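The values are calculated or read from the model by the stated rules, or taken from the named source; none is laboratory data. Source: prediction; values computed, not measured. Neighbour counts run over all protein chains shown; Cβ positions are idealised from the backbone, glycine included. All accessible areas refer to the heavy atoms of the entire protein, side chains included, with ligands and DNA or RNA removed. Shrake-Rupley method; radii C 1.70, N 1.55, O 1.52, S 1.80 Å.
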Amino acid sequence: MKERPDVTKTPVIAARDLSLTFETNDGPVHALKDVTLDIEEGEFVSFIGPSGCGKTTFLRVIADLEQPTGGTITVNGQTPRQARLARAYGYVFQAAGLLPWRTIGRNIALPLEIIGLSKEEQAEKVAQVLDLVDLSGFDKKYPWQLSGGMQQRASIARALAFDADILLMDEPFGALDEIVRDHLNEQLLALWARTGKTIGFVTHSIPEAVYLSTKIVVMSPRPGRVTDVIESSLPKERPLDIRETPEFLEIAHRVREGLRAGHSYD
Amino acid sequence: MSRFLSHALPILTVVALIVGLWYLAAIALNAPWARDQATRAGVDLSASELVADTWSQDKPKLPAPHQIATEIWETTAEKKITSKRSLVYHGWITLSATLLGFVFGAGFGILLAIGIVYNRAMDMSVMPWVIASQAIPILAIAPMIIVVLNAVGLSGLIPKAIISMYLSFFPVVVGMVKGLRSPDAMLIDQMRTYSASPAQTFWKLRFPSSVPYLFTSLKVAVAASLVGAIVGELPTGAVAGLGARLLAGSYYGQTIQIWSALISAAALAACLVGIVGLVERVVNKRMGFAR
């Protein structure tokens with residue numbers, strides 16, 4: 001178990017005046033404009049906002065999947081590219097993205113194969129992360145034999161497999177029904193408590209953001225920017241029914257106000 | 001058994017229908033010759049004699065199915081396979097060129113597709129040429145290939161295999177370009193987050209994704225290979241092979257021989273496509289695609 005956030009440390013992710021403009025046929029699209037944000041070690045940070053607010057783009061810039069057109073960003077004190085090559089993060093996409101010709105175990109072993117771990121090390125890691133997401137015994141199954149929720153859990157296991165300190169998640173539960181989603185949220189919190197990873201989590205669900213996060217970044221579109229950063233006062237232990245407490249509702253209210261202030265629903 | 005019947009019955013019905021129509025067409029097409037011969041000999045043909053004659057002429061316009069079947073039986077089972085009159089002998093010559101051409105064509109097609117997918121210059125420039133190559137009638141270009149290769153000392157199997165390759169690489173290029181591009185942007189990004197090398201992305205993502213496309217195009221390619229090999233045998237002066245049987249048959253008006261070579265070629269093509277299909281099923285099963 002790693003240490004909790006320490007303010008004297010340099011942030012894991014530090015963005016300064018970060019901008020990203022896509023040139024399109026209809027003129028420039030400001031996906032991100034002057035985003036300044038720090039994410040400390042061990043934080044669970046949610047990015048929330050309507051589509052087009054740049055929340056996914058920000059995550060992709062951290063992951064070196066998009067190149068910023070202005071400002072600076074460091075990941076573990078390095079450029080995103082260096083951090084990617086050092087395998088500083090695991091990334092969970094919207095869809096599970098499991099390869100249909102590989103079993104669950106072999107899918108999870110894929111990044112380990114690419115790193116070049118031995119078969120024994122791969123097997124050990126796979127067993128370890130499958131246990132972490134409660135999928136032990138499913139390693140010989142093919143993806144189509146699993147439900148959507150189980151597939152998404154397998155994809156989280158795969159992102160955890162090479163034990164990066166940062167976990168980036170882009171609406172990982174967006175396509176799942178609410179019951180499965182609740183369950184996975186609970187499991188994700190337990191996993192975060194156990195591993196102490198720094199998590200960046202994109203969502204468009206207010207309850208999900210409030211339930212999971214230590215910090216909620218509210219964003220708004222055209223241009224994509226940060227309108228509010230809310231530090232959550234909720235305790236670390238969060239049973240599902242914490243969502244009915246006044247404290248929870250107050251934070252949720254503030255998030256909603258933040259979204260409204262960004263004129264995000266006009 | 002009833003399951004088998006329910007599958008076989010529609011097929012058998014269609015086959016019976018075709019054979020029936022074929023016999024009728026044979027009567028219609030061969031009757032003028034039969035009547036002509038009868039008039040010259042000064043005899044009158046009854047209806048049943050006329051029908052019997054149209055189904056048993058030596059050089060009919062359209063041979064009856066049983067005549068072709070007899071010819072195929074006589075030239076396969078009853079001839080030594082080393083005999084120049086054996087269809088097995090000719091079939092093997094065509095088959096060897098087909099298989100070599102198929103291997104060349106599939107290999108060349110896959111390499112071209114990799115080039116097109118990975119190299120922007122090739123992506124922009126190669127495809128129009130590939131399509132243009134298929135717009136040229138193969139019958140026009142085949143003699144040129146034979147002549148040119150003969151001039152550099154290549155004859156026999158290789159020129160035929162190259163013509164066969166000329167026809168078979170095309171479906172493979174088209175299928176593999178689509179197949180190698182089939183993984184969506186998210187999966188490509190995912191490999192990037194693992195810092196996978198281009199070779200790793202190819203072998204662990206793009207190539208396995210393209211396998212279903214590969215088999216679909218290989219089925220088309222293997223049939224095209226056979227056509228190519230047969231066409232390649234026509235301008236060589238009809239030495240050997242199914243193409244030679246077709247050409248020799250048409251020189252001497254041996255329609256039964258032409259049709260038996262045609263039917264044999266079709267059966268051979270069906271077998272080749274069937275074998276590719278079988279390999280596809282085995283591979284699919286091993287890759288976990290079979291449900």
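Brief remarks follow.
- Computed with a 1.4 Å probe over protein heavy atoms only, the accessible surface of the range A:89-163 comes to 39 Å² per residue.
- Simple point charges give the picture: +1 on the Cβ of Lys and Arg, -1 on the Cβ of Asp and Glu, and for the range A:89-163 a dipole about the Cα centre of about 300 debye.
- Net length gained if the chain between residue B:207 and residue B:289 were fully extended (0.36 nm per residue, minus Cα distance): 28.0 nm
- Calculated [222 nm] ellipticity per residue, helices only, for chain A: -11000 deg cm²/dmol; basis is -39500 (n - 2.57) per DSSP H run with n ≥ 4, divided by all residues, nearest 500.
- For B:182-193, mean number of other protein chain Cβ atoms within 10 Å: 5
- Remark: relative contact order (the range A:89-163) = 51 percent; criterion is Cα-Cα distance under 8 angstrom and separation of 6 or more residues.
- Shielding of B:240-253 by partner chains, average beta-carbon count, 10 Å: 0
- Residue-level accessible surface for residue B:27, protein heavy atoms, 1.4 Å, Å²: 40 Å²
- Leaving ligands and nucleic acids aside, the A/B contact buries around 2100 square angstrom of accessible area in total at a 1.4 Å probe radius.
- Backbone N atoms of the range B:180-194 closer than 18 Å to the 7 Å Cα→Cβ label point of residue B:127 belong to residues B:180-185.
- Measuring nothing but how far apart in sequence close Cα pairs (under 8 Å, 6+ apart) lie, relative to its length, chain B scores a relative contact order of 21 percent.
- Heavy atoms of residue A:192: accessible area, 1.4 Å probe, square angstrom to 10: 10 Å²
- Partner lysines whose Cα lies under 26 Å from the Cα of residue A:119, excluding those fewer than 8 positions away in the same chain, are identified as A:140, A:141, A:197, B:204, B:285.
- B:278, B:242, reordered so the largest accessible area comes first (probe 1.4 Å): B:278, B:242
- Computed from label points 7 Å out along Cα-Cβ, the spacing between residue B:185 and residue A:82 is 2.9 nm.
- Calculated mean residue ellipticity, 222 nm, chain B: -27000 deg cm²/dmol, from DSSP H runs (n ≥ 4) at -39500 (n - 2.57) each, averaged per residue and rounded to 500.
- Taking other residues whose beta carbon is less than 14 angstrom from the beta carbon of residue B:274, and scoring Lys, Arg as +1 and Asp, Glu as -1, yields +1.
- Projected label distance in nm at residue B:200 and residue B:48, using a 7 Å step from Cα toward the beta-carbon: 8.2 nm
- Considering only beta bridges that DSSP places wholly inside the protein assembly as shown, some 55 percent are antiparallel.
- Solvent-accessible area lost in complex, 30 Å² minimum, residues of the range B:275-290 relative to chain alone, 1.4 Å: B:287, B:288, B:289
- The range A:89-163 - percent of accessible surface contributed by carbon and sulfur, probe 1.4 Å: 49 percent
- Förster radius 51 Å - calculated FRET efficiency between residue B:281 and residue A:261, Cβ distance, rounded to 0.05: 0.30
- With every protein chain in place, chain B: carbon and sulfur % of accessible area (1.4 Å): 71 percent
- With contacts taken as Cα pairs under 8 Å and at least 6 residues apart, chain A reaches a relative contact order of 26 percent.
- Accessible surface, the range B:87-286, averaged per residue in Å² (probe 1.4 Å): 46 Å²
- Nearby aspartates and glutamates by direct alpha-carbon distance to residue A:215 (threshold 13 angstrom, same-chain neighbours under 8 apart not counted): A:38, A:40, A:41, A:43, A:228, A:231
- Euclidean distance of C-alpha centroids, the range A:186-260 and the range B:257-291, integer Å: 58 Å
- When the residues B:147, B:174, A:45 are ordered by accessible surface, computed with a 1.4 Å probe over the protein chains alone, the sequence from largest down reads B:147, B:174, A:45.
- Each Cα pair of the protein assembly as shown feeds into the Kirkwood radius, which the Stokes-Einstein equation turns, at 25 °C and 0.890 mPa s, into a diffusion coefficient of 84 µm²/s.
- Percent of beta bridges antiparallel (DSSP, chain A, rounded to nearest 5): 55 percent
- In the context of the full protein assembly, residue B:11 retains an accessible surface of approximately 110 Å², using a probe radius of 1.4 Å and ignoring ligands and nucleic acids.
- Separation between Cα centres of the range A:15-84 and the range B:1-63, rounded to whole Å: 78 Å
- Size check on the range A:89-163: the Cα extents along the three principal axes, sorted descending, read 30, 25, 23 Å.
- Heavy-atom accessible area, probed at 1.4 angstrom with all protein chains present, ranks A:222, A:106 as A:222, A:106, highest first.
- Excluding same-chain neighbours fewer than eight residues apart, the aspartates and glutamates reachable from residue B:160 by a Cα-Cα span under 20 Å are B:233.
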